[in-house]
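Student: Before we start, here is the structure in question, set down as structure tokens.
None of the figures in this text is laboratory data; all of them are computed from the coordinates on show. All values derive from a computational prediction rather than experimental measurement. As a convention, Cβ positions derive from the backbone with ideal geometry for all residues, glycine included, and neighbour counts pool all protein chains shown.
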Amino acid sequence: MNRKAISGFLSLNDDQKIKAEECVLLLDRNPDRIIIKRKVFSGKKHNTSCFEVLFAYNGRLYFRKNENNKIEVLVIGTKNSQAKDMEFLHSL
């Protein structure tokens, strides 16, 4: 889990935290069952792709699979923080 994801998680309200925890647990235990909203191209020159998952109506979780096929949670946020979150993803 990325440091940005942890700080985003801490800024959520209690209901959103529970839903975010459910998403992270599902990604850890059964990633094939997660519903992906869209694919986001991130990184310099957009050579890295990550995926967006929605939770708790306006919550957003971005993750990617690393070279070992392990899931890395990059950002947890809301619709209000989405612009900053996209900037972070593009800077990876």
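Student: Within the chain, what's the longest run with no trypsin sites (Lys or Arg not before Pro) in a DSSP loop and at most 14 other beta-carbon atoms within 10 Å? Give the range, please.
Tutor: In short, 1-36.
Student: What list of whole percents do you get for P(r) of the chain, with Cα-Cα distances grouped in 10 Å bins up to the one holding the largest distance?
Tutor: With 10 Å bins starting at 0, P(r) equals 17, 56, 26, 1.
Student: Residues with beta-carbon under 9 Å from that of GLY59, excluding GLY59: net charge, scoring Lys, Arg +1 and Asp, Glu -1?
Tutor: Neighbourhood net charge equals +3.
Student: While we're here: Checking the table LYS17/LYS70; LYS19/LYS65; LYS4/LYS79; LYS39/LYS70 against a 19 Å threshold on Cα-Cα, which pairs fail?
Tutor: Going by Cα-Cα distance, LYS17/LYS70; LYS19/LYS65 fall outside the 19 Å limit.
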